[in-house]
Amino acid sequence: MINIQGKNCFVELNLLGVYTPILCGEDFTVNYNPEFVLKTGPNSPARERQPRIEDWSVSVSGITELTNTSNISFFYLIQEGVRRTLLDIRIKFKDDANTIKTMSFFAYIGQSSITGPVADFCNATINFEVSGGITDLSDPITPVGPGTLNLKSDWWLTVNGNNFINGASTGSTDGTTYTLTTGDLVKQVAVEGIICDIVAGTPTAGTRQCQIDLTNHKIIFASTFDGSQTVYVEWER
């Protein structure tokens with residue numbers, strides 16, 4: 001799974017053709033609220049609905065400056081000539097693989113606030129009331145076909161004197177025994193319910209680390225087992 005982190009989400013204002021970040025954003029939320037109307041027919045066994053008008057809004061919170069430098073300040077946005085003008089806004093999402101998706105729309109400044117606590121930076125929140133909905137969603141994603149990835153789980157009994165598990169699983173929880181192999185993506189490893197940290201190199205003694213060695217169908221641990229432990233594994237195949 002390739003994640004999107006909050007630090008890589010931006011709300012930007014188009015100023016003279018250049019999209020500039022709003023505030024030093026620390027948090028933002030996109031809200032979608034559709035209105036549903038009835039379309040129940042004379043033979044419908046239950047109420048049927050369909051979407052009609054939809055409402056969109058976006059909220060961004062963060063630290064503000066007094067001047068517009070690398071970010072647009074709260075004070076610029078609440079000027080009458082700005083807050084009562086339809087603004088060109090863009091939201092940009094960037095994931096851990098540097099893939100970027102954008103949502104563009106026009107909006108007015110809505111309910112907003114600024115706070116100045118004694119022992120903290122000045123924080124502000126700007127709410128944008130979208131006018132006309134989302135008009136541009138970049139590069140719509142085609143869903144992956146069903147069955148291309150399966151999440152599986154099972155457990156292995158340990159062997160006294162070994163610091164690894166290998167070969168076929170013991171559990172057969174879905175009626176099948178599994179041997180981990182190249183192409184599997186191990187998501188989680190736990191020993192007696194305690195989750196292990198997956199590391200690339202040799203596990204450090206005395207830790208809960210483990211190393212995945214799919215070429216040899218193994219998971220290697222930091223400590224030697226006495227044979228009473230059970231190892232639980234989740235993986236994608």
Using a cut-off of under 20 Å, list every residue of segment 93-119 whose amide N is near the label point 7 Å from the Cα of residue 84 along the Cα-to-beta-carbon line.
-> 107-113
Counting only the backbone N, which residues of segment 87-101 are under 15 Å from the spot 7 Å out from the Cα of residue 138 toward its beta-carbon?
-> 89-101
Potential lengthening between residue 111 and residue 190 on full extension [0.36 nm per residue; Cα-Cα distance subtracted] = 23.7 nm
Euclidean distance of C-alpha centroids, segment 72-133 and segment 33-62, integer Å | 26 Å
Rule-of-thumb check for segment 80-206: C-alpha Rg over 2.2 N^0.38 Å?
-> 1.86
Could you give me the ³J(HN,Hα) list for segment 18-23, computed from phi with Karplus coefficients 6.51, -1.76, 1.60 and θ = phi - 60°, whole Hz, x at Gly and Pro?
-> 10, 7, 10, x, 9, 6
What is the spread of the Cα atoms of segment 151-236 along each of their three principal axes, largest first, in whole Å?
-> 34, 26, 22
In square nanometres, what is the average projected area of the Cα convex hull of the chain?
-> 22.0 nm²
Quick shape summary for segment 4-137, equivalent ellipsoid via Cα gyration tensor, semi-axes whole Å in descending order, reads 33, 17, 15
Cα Rg, Dmax, segment 17-78, angstrom units | 20.4, 63
Place the peptides 124-137, 91-104 in order of packing, highest mean first, counting for every residue the other Cβ atoms within 10 Å and averaging per peptide.
-> 124-137, 91-104
In deg cm²/dmol, rounded to 500, what helix-only [θ] at 222 nm does the chain give when every DSSP H run of at least 4 residues adds -39500 (n - 2.57) and the total is split over its residues?
-> -500 deg cm²/dmol
If r is the Cβ-Cβ distance from residue 48 to residue 129 and R0 is 45 Å, what FRET efficiency results, to the nearest 0.05?
-> 0.90
For the pair residue 208 and residue 168, what calculated FRET efficiency results from E = 1/(1 + (r/R0)^6), where r is the Cβ-Cβ distance and R0 = 30 Å, to the nearest 0.05?
-> 0.75
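Computed from the coordinates by the stated procedures, all read-outs in this text should not be read as laboratory data. Being a predicted model, the structure only gives us computed values, none of them experimental. In this analysis, Cβ positions are derived from the backbone assuming ideal geometry, glycine residues included, and neighbour counts consider all displayed protein chains.
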